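K.L.:
Pasting a structure here, questions to come.
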Amino acid sequence: MKEKLVSFLVCPDCKHSLNLATADWDGQEIVRGELRCTSCSAMFPIVRGIPRFVSTDAYVKNFSFQWNTHRTTQVDSLAGHAESGNTFRTKTGLNDAELNGKLVLDVGVGTGRFMEVANNLGAEVIGIDLSYAVDAAYVNMGRRAGVHVVQADVFRLPFRSETFDVIYSIGVLHHTPSTGKAFACLPHLLKRTGIVAIWVYVEAGEYSRRLDRVRTLTVHIPRFPLYTICWIIVPLLQTMARMPGLGQLALHVPVSNQGRGLVWDVLDTFDAYSPRYQWKHTEAEVVDWFKDANLEDIRVLNFPVSVRGRKPHT
Ligand SMILES: C[S@@+](CC[C@H](N)C(=O)[O-])C[C@H]1O[C@@H](n2cnc3c(N)ncnc32)[C@H](O)[C@@H]1O
Ligand SMILES: [Zn+2]
């Protein structure tokens, strides 16, 4: 981590500032050390270059596994595509002017693929995640200028109110115990006129019901066997789906088929079947959360369910 990050962080419990108590450096990066609260004496270790505000990856062990196994698959610069840049624009609607020179929070950073996009557009980005995906994000992006990685829970974030110009969260909040409550943790962190943009899973009728029926079984399968099963069933069911007579049968176990190659589809299928929590939402429900938070200029984007809003000036 960079020393500058200390100035953005506070104790997640008492909200007082933190001191860098000990630090081992590697160039400009603090690779190991300790942050200490100036008020309540809580201590937070810096491990492998990342300040840690949680002691475990709790219910997101699947994501720790998934993002360290697929550290580069979805990262534009490392995989040689532009998918994440396109996804970022589609799901947040954020443009260059809204990001350039701004302080941005990426909630549920995963491998850091969207941090790369925002940072390339001139933003200083802090990415947080509950899982050890942060280690993948740090390897991918952590040493870049204007990029910071923090392991923290969205329900217990180590930041002061009114810190960020922009907050985005893409495909994350529905993987917490309560999507709406997780969202409610974000608006107070925005500066006045700051923007928050989220994308959460849409309630998609029969498709969602099929997915959830299979998930009642798959969430109990340990990570590695489930991942291995994905490598077998994804190509099998994709083939079956194209065969007369078998196509209807294949629909009962939805697998990803995004046209971005087998590795991406296996990753996506594991991503669908492994998370403990995976809520689905309607546009109306998400818009209500934005209204409840007194946000204005609420816009529903074309890709369901992507919504953004702005904190009022006063
Ligand atoms: C499907 S991944 C999306 C990652 C990234 N936004 C992307 O699209 O590549 C969901 C992420 O949310 C994180 N997550 C789930 N619950 C969280 C929580 N309570 N606090 C912070 N991150 C959380 C997971 O660890 C995981 O990395
Ligand atoms: Zn404290």
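K.L.:
Over the range 205-273, what is the relative contact order in percent, taking alpha-carbon pairs closer than 8 angstrom and at least six residues apart?
P.N.:
Relative contact order comes out at 39 percent.
K.L.:
Follow-up question, since we're still on this one. Report the far tail of the P(r) of the range 205-273, meaning the percent of Cα-Cα pairs longer than 18 Å.
P.N.:
35
K.L.:
At q = 0.14, 0.21, 0.22 Å⁻¹, what is the log10 ratio I(q)/I(0) for the range 117-246, with the Debye formula run over Cα points and no solvent?
P.N.:
The calculated log intensity ratios at q = 0.14, 0.21, 0.22 Å⁻¹ are -0.86, -1.32, -1.38.
K.L.:
On a full-extension model of 0.36 nm per residue, what is the gain between T193 and V214, subtracting their alpha-carbon distance, rounded to one decimal in nm?
P.N.:
Between T193 and V214, full extension yields an extra 3.3 nm.
K.L.:
Separate question: With Rg and the Kirkwood Rh both taken from Cα atoms, where does Rg over Rh land for the range 1-52?
P.N.:
Here the Rg-to-Rh quotient is 0.95.
K.L.:
Follow-up question, since we're still on this one. Label S55 and A241 with points 7 Å out from Cα along Cα→Cβ: what is the distance between them in nm?
P.N.:
That separation, rounded to one decimal, is 4.4 nm.
K.L.:
What list of ³J(HN,Hα) couplings, whole Hz, do you get for the range 124-133 from phi and the Karplus terms 6.51, -1.76, 1.60, once you set θ to phi - 60° and write x for glycine and proline?
P.N.:
8, 10, 10, x, 10, 7, 6, 8, 6, 3
K.L.:
Quick one: what are the phi-derived ³J(HN,Hα) couplings along the range 154-159, Karplus 6.51/-1.76/1.60 with θ = phi - 60°, whole Hz, x for glycine and proline?
P.N.:
Ordered by residue, 3J(HN,Hα) equals 4, 7, 8, 7, x, 9 Hz.
K.L.:
Can you give me the solvent accessible area of Y207 with a 1.4 Å probe, rounded to the nearest 10 Å²?
P.N.:
Y207 has an accessible surface of roughly 130 Å² with all protein chains in place.
K.L.:
Something else about it: Would you work out the relative contact order for the chain, in percent, from Cα pairs under 8 angstrom that are 6 or more residues apart?
P.N.:
17
K.L.:
Using a 1.4 Å probe on the protein heavy atoms only, what accessible surface does M43 show? Give it in Å² to the nearest 10.
P.N.:
100
K.L.:
Please list, in chain and number order, the residues 5+ apart from I167 or on another chain whose amide H is under 5 Å from its amide H, with Hs placed from the backbone.
P.N.:
Distant-sequence amide H within range of I167: L105, I195, V196, A197.
K.L.:
With label points built 7 Å along Cα→Cβ from the Cα atoms of E83 and V31, find their separation and express it in nm.
P.N.:
3.2
K.L.:
A further question on this structure: Which cross-chain or sequence-distant (5 or more) residues have an amide H under 5 Å from the amide H of L301, H modelled 1.01 Å from N in plane?
P.N.:
For L301, whose amide H was placed from the backbone, the distant partners under 5 Å are S306, V307, R308.
K.L.:
I would also like to ask the following. Probe of 1.4 angstrom, ligands and nucleic acids ignored: what's the accessible area per residue over the chain, in square angstrom?
P.N.:
44
K.L.:
Under 12 Å from a label point 7 Å along Cα→Cβ of V263: give me every residue in the range 212-254 with its amide N that close.
P.N.:
none
K.L.:
Specify the inter-centroid distance of the range 200-223 and the range 31-100, based on alpha-carbon positions, in whole Å.
P.N.:
25
K.L.:
Continuing with the same structure: Let me have the 222 nm mean residue ellipticity of the chain computed from DSSP H runs of 4+ only, each contributing -39500 (n - 2.57), with the sum over all residues rounded to the nearest 500.
P.N.:
Taken over the chain, the calculation gives -9500 deg cm²/dmol.
K.L.:
Using θ = phi - 60° and the Karplus form 6.51 cos²θ - 1.76 cosθ + 1.60, what ³J(HN,Hα) does each residue of the range 17-31 get, whole Hz, x for Gly and Pro?
P.N.:
6, 10, 10, 7, 7, 9, 7, 9, 9, 9, x, 7, 9, 8, 8
K.L.:
Defining a contact as two alpha carbons under 8 Å apart and six or more residues distant in sequence, what relative contact order in percent does the range 98-237 show?
P.N.:
20
K.L.:
Most fluctuating residue of V109, V54, V172 in a GNM of the chain with Cα springs under 10 Å: which is it?
P.N.:
With Cα springs under 10 Å in the chain, the top fluctuation among V109, V54, V172 is at V54.
K.L.:
To make sure I understand the rule: partners must be aspartates and glutamates, Cα under 15 Å from the Cα of K91, and not fewer than 8 residues away in the same chain. Which ones qualify?
P.N.:
E83, D106, E283
K.L.:
Another question, if that's okay. Which percent of the accessible area of the range 1-52 is formed by carbon and sulfur heavy atoms (probe 1.4 angstrom)?
P.N.:
Answer for the range 1-52: carbon and sulfur cover 49 percent of the accessible area.
The values are calculated or read from the model by the stated rules, or taken from the named source; none is laboratory data. As the structure is a prediction and not an experimental result, all values here were calculated from the model. Here the Cβ is made from the backbone with ideal geometry for all residues, glycine too, and neighbour counts use every protein chain on show. Accessible surface areas use protein heavy atoms only, side chains included; no ligands, DNA or RNA. Shrake-Rupley method; radii C 1.70, N 1.55, O 1.52, S 1.80 Å.
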